[in-house]
Amino acid sequence: MIKSLTAGQSTMLNAMRALAAFSVLLGHALVGVVPISWFDGRVPFQSLAVVVFFWLSGFLIAYQCLSKAEYSFGEYMIDRFSRIYVLYVPALIISYLIFVVVLGRVSPTSWDVVGHLLQLQHTPFSRMIEGIPPIKTFGGNSVLWTIAIEWWLYVFFGIAFFWQSMSKVE
């Protein structure tokens, strides 16, 4: 049986994830304003914060999967979908309003919108079948590719985890 996290442990892990997420957000914001002379024009803490966020998230997701007695792949995917899309869809709308409506950048095509909604941007999936047009950056918000990577990590972890647990039952 897996030991439960205490309220303090859970709060600490979530605080560390929040700090890492805020650091990534800050890094994305500073990329456009940090002078080239600083750190060769990069924001070095941002990359470390991404790694910390993914490691902690991976731990918490694996912990959740191992600690729930009756947890199915469907429930897992609903949990992951809810976590991603509740913030992702508003981010797409805000990106459209800022980059296209306010700044006048090129509007995304229907294909770009579908590709982003299905999390296919900047993944090998959009390039695996010849003839499928590339999915362009949504209005100029180039950081959205990280959400697609996070989504597919969730999906593949879920497939591997639940496939393994189903094979143990047989």
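The values are calculated or read from the model by the stated rules, or taken from the named source; none is laboratory data. Worth saying up front: this structure is predicted, and the values here are computed from it rather than measured. Quick reminder, even Gly has a Cβ in these numbers, built from the backbone with ideal geometry, and neighbours come from all protein chains shown. Surface accessibility is based on the protein's heavy atoms, side chains included, excluding ligands, DNA and RNA. Shrake-Rupley method; radii C 1.70, N 1.55, O 1.52, S 1.80 Å.
Quick notes
- The residues of the chain have, on average, 67 Å² of accessible surface per residue, using a 1.4 Å probe with all protein chains present.
- Gyration tensor (alpha-carbon) shape descriptor, the chain, a/c threshold 1.5: oblate
- Each label point was placed 7 Å from the Cα along the Cα-to-Cβ direction; for Thr11 and Val113 their separation is 4.4 nm.
- Prolate/oblate/rounded call for the stretch 63-127, Cα gyration tensor, a/c under 1.5 rounded: prolate
- Distance (nanometres) between label positions extended 7 Å along Cα→Cβ at Ala69 and Lys3: 2.1
- Counting only protein heavy atoms and a probe of 1.4 Å, the accessible surface of the chain is 72% carbon and sulfur.
- Per residue, the convex hull around the alpha carbon atoms of the stretch 73-170 comes to 98 Å³.
- Degrees separating the helix 7-31 axis from the principal Cα axis of the chain, which is the longest one: 20
- In the chain, the longest principal axis of the Cα atoms and the axis of helix 73-95 are about 20 degrees apart.
- Working from Cα pairs under 8 Å separated by at least six residues, relative contact order for the chain is 19 percent.
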